[in-house]
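Input: a single structure, listed below in structure tokens.
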């Protein structure tokens, strides 16, 4: 019962924070988006040249430090790795491809839906489809192998990176890029963003909230525990959007979104499948990497490089839609995920017998 209360509370608080960050300065329907924030950080570090999405989002260092500190003081911080780290890098890369075709991570998808963006409903359909495909591979014995304990220094890479990013955003050295227009120029005050990130990191680490895990468990083992967190996040964000006048029901004229239904669906299908193969959505990868999981840290860096790649080669979608090259990238990403999944099936189980569910999502 206490765990159920925690997951509901966590989702509710994160939903409210997602709306409040818009109130304090983040772009509309952009209160929290792990994929977009990582993309902005890649731009801020000069890894891509899209001037409208360059900012060292303090929320991400907040996620990392919040999860790291609570894991450290609760005794849950443990350096571990060795579970197909390089493959996880490329899975993270492919997840970012899908997210930047849809224009958002699973968390932003829920926040967009709570603000009335029906394009996110199409994306949700794709996300569920991708998760279901991933479940089929889980039932066939998909695995990236087991991790093991590694030297503790590996677990401190993400927290140290977070501290460096916070210093950079406060000092603003000349070699760091900051957008002067577009979504990258819209942000809440640094301390507000950092505090919001710390709270989210703390809550997700304690509750194990995961967008992909919630739907996966509901379908695979009929367990609604994690899904309750997603539901409470949506409800509280919906109430907040209605209260602040941000709610705008429809497909057209939605902020930082496009209405190409097919590619909204495919983009989030890529994210859903990739998240199941990784063992958690983009937010969970950041949180697990902060707890000492170097495999999840590889996924995080894969997303960072994937974001840079998508913008440097003009593959990312925009409110105008998805480019031809972006669609080609989406097809390649989907085929790559399927190939990795097929090659990683270790044991073929009888039809109808579920495989072992990876424990990484709920660690």
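A short reminder: the numbers here are calculations on the coordinates, not readings from a lab. The structure displayed is predicted, hence computed values, not measured ones. No Cβ is skipped: glycine too gets one built from the backbone with ideal geometry, and neighbour counts run over all protein chains shown.
So here's what we get for this one:
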read-out: Distance between modelled label sites at residue 1 and residue 262, nm, 7 Å Cα→Cβ extension; value: 5.3
read-out: Projected label distance in nm at residue 49 and residue 318, using a 7 Å step from Cα toward the beta-carbon; value: 1.5
read-out: Zone residues, the range 258-280, relative to residue 325, backbone N less than 16 Å from point 7 Å out along Cα-to-Cβ; value: none
read-out: Ranked by how many other beta carbons lie within 10 Å on average, peptides 40-46, 231-237 from highest; value: 40-46, 231-237
read-out: Packing-based ranking, highest mean first, of 335-344, 171-180 given that Cβ atoms within 10 Å are counted; value: 335-344, 171-180
read-out: Segment residue 335-residue 170, extension gain: residue separation times 0.36 nm, minus the distance between their alpha carbons; value: 55.3 nm
read-out: The range 47-78 residues near the modelled residue 160 label - backbone nitrogen below 16 Å, point 7 Å along Cα→Cβ; value: 65
read-out: Relative contact order of the chain, defined on C-alpha pairs under 8 angstrom at six or more residues apart (%); value: 36
read-out: Packing-based exposure ordering (other Cβ within 10 Å, fewest first) of 17, 324, 131, 239; value: 324, 239, 17, 131
read-out: Euclidean distance of C-alpha centroids, the range 1-21 and the range 121-199, integer Å; value: 19
read-out: The chain: C-alpha gyration tensor shape, a/c 1.5 cut-off, then a/b vs b/c; value: rounded
